Amino acid sequence: MSEKNIDLNKTYWDNFYKTNFKSTPSQFCVCMLTEIDPTDTIVELGSGNGRDSLYFASQGHITVAMDLSHEAIASCEREAKERQVEHTSFFQGDLTNLENVSSVIQHARDKSESSMLTFYSRFVMHSLDDEQERKLLEILSSCLQAGEKIYFEFRSSEDAELDKVFGNHFRRYINIDAFHARLENGGFNISYSLVGQGMAKYKEEDPFVARIIACKK
């Protein structure tokens, strides 16, 4: 789906999370945990069913997450309770809404034992249209403190023509140079950037994805 209808897309994900749950963390989640401090508080932007947020929390990190889908948040809360995973908070909200995002970030700051937060967003940016991406990056530019890092993983433009396991929803394949420029214009330094395959394989699908670590100036 190349054109975005926000209501249809939200309905798709609400229905998806009613019937799909994966408890194992993503490769990107585990990779990030090898880099950050064991005491870091993590804010996940677009948590889906919580597979990564719950894993972060299971490893001792205070974790605060938000997602647009009510079903996703309900699934996260049920799973956290069933697995007795502590120090997690889940919020339903719009990533392009300053009030929603800033409220979640403030909650994380209130919970955190440190003055610094670590931000994480996997397979979210390509679910936003270009204007939504612009709004989210502007919000992050205004809300992050100097020195705070955000870890991104998303489908890059090289992935556009490859077959997909789940195909019936909006995706935007992101030009990495344009994304770099938007980050830099928003006051971020890019400390790591990679595009390739083999990093998010699922069944027969091996997408091209970008991984970026950006630090607020």
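Tabulated data for the structure shown
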| quantity | calculated |
| --- | --- |
| Residue selected from region 88-131 under the condition small (Gly, Ala, Ser) and part of a helix (DSSP H, G or I), by the criterion modelled with the lowest pLDDT | Ser127 |
| Region 25-79 - residue that is in a helix (DSSP H, G or I) and of a type in the set (Ser, Thr, Tyr) and, of those, nearest to Leu128 (Cα to Cα) | Ser53 |
| Subset of region 65-84 (residues that are aliphatic (A, V, I, L, M), over 17 Å from Phe123 (Cα atoms) and buried (at least 19 other Cβ atoms within 10 Å of the Cβ)) | Ala80 |
| Options Arg172, Arg134; residue that is in contact with a strand residue (DSSP E or B) (Cβ under 9 Å, 6 or more places away or on another chain) and either in a helix (DSSP H, G or I) or of a type in the set (Lys, Arg) (or both) | Arg172 |
| Pick from region 136-163, criterion closer than 24 Å to Gly196 by Cα, in contact (Cβ under 8 Å) with a residue 12 or more places away in the chain and acidic (Asp, Glu), ranking: surrounded by the fewest Cβ atoms within 10 Å (Cβ to Cβ) | Asp163 |
| Candidates Ser75, Ser103 - the one that is of a type in the set (Ser, Thr, Tyr) and in contact with a strand residue (DSSP E or B) (Cβ under 8 Å, 6 or more places away or on another chain) | Ser103 |
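The values are calculated or read from the model by the stated rules, or taken from the named source; none is laboratory data. Since we're looking at a predicted model, the values are computed, not measured. Virtual Cβ from ideal backbone geometry, glycine too; neighbours counted across all protein chains shown.
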